[in-house]
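The values are calculated or read from the model by the stated rules, or taken from the named source; none is laboratory data. Predicted model, so just to flag it, every value in this text is computed and none were measured. Here the Cβ positions follow ideal geometry from the backbone for every residue, glycine too, while neighbour counts run over all protein chains shown.
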């Protein structure tokens, strides 16, 4: 059992149930490598002998990730791993099914402490986002061109789609989807 310089428990990184040699993760979501470079090759050290904290990258949707490199010199492949998933696999268990994702209890994708993480299906995550009001549909969407009042007016308007679309500055397909209730379903 190892502890990092912050006093947090550290365990080996597991991905899909397999331990990745040379990588460790703390209970707070910090990732460490024990690979030490000697010339053109890397040597594995034990955590208490040598470790360095890896710089985490933030992906396009705000989640922290890092790169895992293979130790085999003939196969220099790299894999990107999400920190939240690695923390759950190291300190809790493997995901119940392949469909499960690592969800955040406080909705902060950068808070990767094990107490803030849980396995969720995509459906559970979507329901949680609606329940907590963090989904952006309708007027709350940054891409919305219409208001709920305008959507109700469009549904009652019996003119040609082209005329309605020109009036609101949207496409005829948008008008069609609103009328068929395929979009703006939440507006009654």
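Structural remarks
- Selection count, region 91-104, where residues are touching a helix residue (DSSP H, G or I) at 6+ places or on another chain (Cβ under 8 Å) and surrounded by 13 or more Cβ atoms within 10 Å (Cβ to Cβ): 7
- In this entry, residue 7 is excluded by the filter for residues that are surrounded by fewer than 18 Cβ atoms within 10 Å (Cβ to Cβ) and either closer than 28 Å to residue 97 by Cα or touching a helix residue (DSSP H, G or I) at 6+ places or on another chain (Cβ under 7 Å) (or both).
- Test: residue 28 is under 22 Å from residue 84 (Cα atoms), touching a helix residue (DSSP H, G or I) at 6+ places or on another chain (Cβ under 6 Å) and at pLDDT 90 or above: no
- Checklist (1) over 14 Å from the mean Cα position of the chain (by Cα); (2) in the same structural domain as residue 28 (by TED's automatic domain parsing); (3) in contact (Cβ under 8 Å) with a residue 12 or more places away in the chain applied to residue 103, failing item: (1)
- Exactly one residue among 154, 175, 164 is in contact (Cβ under 8 Å) with a residue 24 or more places away in the chain, buried (at least 16 other Cβ atoms within 10 Å of the Cβ), assigned to a helix (DSSP H, G or I) and not assigned by TED's automatic domain parsing to the domain that holds residue 106, and that residue is 154.
- Enumeration of residues in region 130-151 that are in a loop (DSSP other than H, G, I, E, B) and either touching a strand residue (DSSP E or B) at 6+ places or on another chain (Cβ under 9 Å) or under 30 Å from residue 105 (Cβ atoms) (or both): 133, 134, 135, 136, 137, 141, 142, 143, 144
- Region 106-129: number of residues that are exposed (fewer than 15 other Cβ atoms within 10 Å of the Cβ), touching a strand residue (DSSP E or B) at 6+ places or on another chain (Cβ under 9 Å) and either touching a residue at least 40 places away in the same chain (Cβ under 8 Å) or part of a loop (DSSP other than H, G, I, E, B) (or both): 1
- Tally of residues being farther than 18 Å from residue 36 by Cα and assigned to a strand (DSSP E or B) across region 54-70: 4
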